[in-house]
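Worksheet for the structure shown next.
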Amino acid sequence: MKKSYMGFAADSETRTALEQFARDLYLPEEDVLDGEIDEAVTMLADMPTPECIFVDLGMSLSPLGELDKLAGVCDPGTQVIAMGTVNDITVFRDMLDAGVADYLLKPVTPDRLKHAYEKAITPGHHGGEGSAKALADVIVVVGARGGVGASMVATNMAWLLAHENKKKVGLVDLDPYFGNTAALLNLEPGRGLSEALDAPDRIDNVFVDRTMIKEHDNLMILGAEEAMQNEVPMDPASIETLIEKLRENFQVLLVEPPHGNMQAIKASMRMATHIVFVSNYSVVGMRDIIRLSGLANALAAGTKQLVLANQGTAGKSDVNAKDFESVTGLVVDAEIPSDLRGVTAALNAGSALALGAPKSPVLKSLRKICGDLYGAAGKGAAKGKKGKKKSEEKGGGGFLSSLLGSKAG
């Protein structure tokens, strides 16, 4: 009998997650096996392939090349969910274009495995361009320290991408008590974040329309302003599920985790396609951005990191861009000039900088970052700062055509 799934794990952590996923769905745990692509190819070569295969790419730096090996032994219609450590949006999109049902960044969780599996086996599901378009880029904005302007950056980047770059944008403020992204746009945050974290699996189009605050046809905000006495659990798995669900409703998802909440910061980093660090030119700013960048490298190797240096928050400082780059080893992608008058005017008006202080030099820096990510306003072409070319490993017909036609009958 054709199996409903098989899972191949390259390490004990992935195996544990796959086994728990199997238990949760009452699937046989014995169909979770040790091994990477080579072991999967050997096992599947002489048997009918399951409806769904979880395959662990391990530490492979050439995931498309590895998946080509699997294509030759798969029956038509088999759904492949890949798990790996390469966190690059170009690679992710190439794999979806090639016919892979989903690509999950390790470490995986049972909830994420379940969501990917249920989506893959849903009648009518297919990989390729349609699936790729349905998943948003996830830009996580992290302040190196409190008060460096991360909320101002996240809010105005979201506004610019929505209004000027014409992207469908979701802005998620993960601070349930002190979040102020909605307030920066003169909006009431409501309790949407609390509801989403309480039941992230229930997020769908209806939830988005009912719960997220609409600033514009292209910009919706998820936040909260909880009473201090209310407990809002910040479970990492719930945050990851929340982000993964919302990716299906937007083209770009900007996420600002609360400063100092390491659970929220780590969960957000694991889901990020880009991480924007905001710091100032100070000794403590340099110290903390080194630590945060190191954390990002450990949790999401390969994720694009961009650095904004906000000159308007440190006061007089002997640190300059050259010192900052030399000490941290990070390139400053854009400097935010000091403009206390303009930023304060926009803040007091409860409006985006482009409306409340349209001549502010801060806008030039923020537009530069948006342009680095998505091209000049109006062009709408998504690309990274050092835009990698699409992988040259990709075969002529891609994984999907191999999947449909290459297995010997």
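Read-outs throughout are calculated quantities, based only on the coordinates presented, and are distinct from any laboratory measurement. It should be emphasised that the depicted structure is a prediction, and the values quoted were computed from it without experimental measurement. Glycine gets a Cβ as well: all are built from the backbone with ideal geometry, and neighbour counts include every protein chain shown.
Summarising the label geometry, the points placed 7 Å from Cα in the beta-carbon direction at Thr16 and Met47 lie 2.6 nm from one another.
Highest GNM mean-square fluctuation among Ser293, Ser326, Ser360, for the chain modelled with Cα contacts below 10 Å: Ser326.
Can you give the Rg to Rh ratio of segment 308-369, both from alpha-carbon atoms, with Rh computed by the Kirkwood formula? With Rh from the inverse mean 1/r over Cα pairs, Rg/Rh is 1.04. Thinking of the chain as a set of Cα atoms, what percent of all their pairs are more than 40 Å apart? Beyond 40 Å sits 19 percent of the P(r) for the chain. Only Cα sites of segment 137-374 enter the Debye sum here, all with the same form factor; the resulting log10 I(q)/I(0) across q = 0.07, 0.10 1/Å is -0.20, -0.42, listed in q order.
For every other residue with a beta carbon closer than 14 angstrom to the beta carbon of Thr85, add +1 if it is Lys or Arg and -1 if Asp or Glu, then tell me the sum.
With Lys, Arg at +1 and Asp, Glu at -1, the neighbours total -4.
Length gained on full extension, Phe178 to Ala298, computed as 0.36 nm times the residue gap minus the Cα-Cα distance: 40.4 nm. Divide by every residue of the chain the summed helix terms, -39500 (n - 2.57) for each DSSP H run of at least 4, and state the resulting mean residue ellipticity at 222 nm, rounded to the nearest 500 deg cm²/dmol. Helix contribution divided over all residues of the chain: -12000 deg cm²/dmol.
Using alpha-carbon positions, what is the distance between the centroids of segment 81-114 and segment 346-368, in Å? Measuring centre to centre over Cα atoms gives 37 Å. The chymotrypsin sites (Phe, Trp or Tyr not before Pro) of segment 24-131 meeting both criteria, a DSSP state outside H, G, I, E and B (loop) and at most 13 other C-beta atoms within 10 angstrom of the site's C-beta, are Tyr26.
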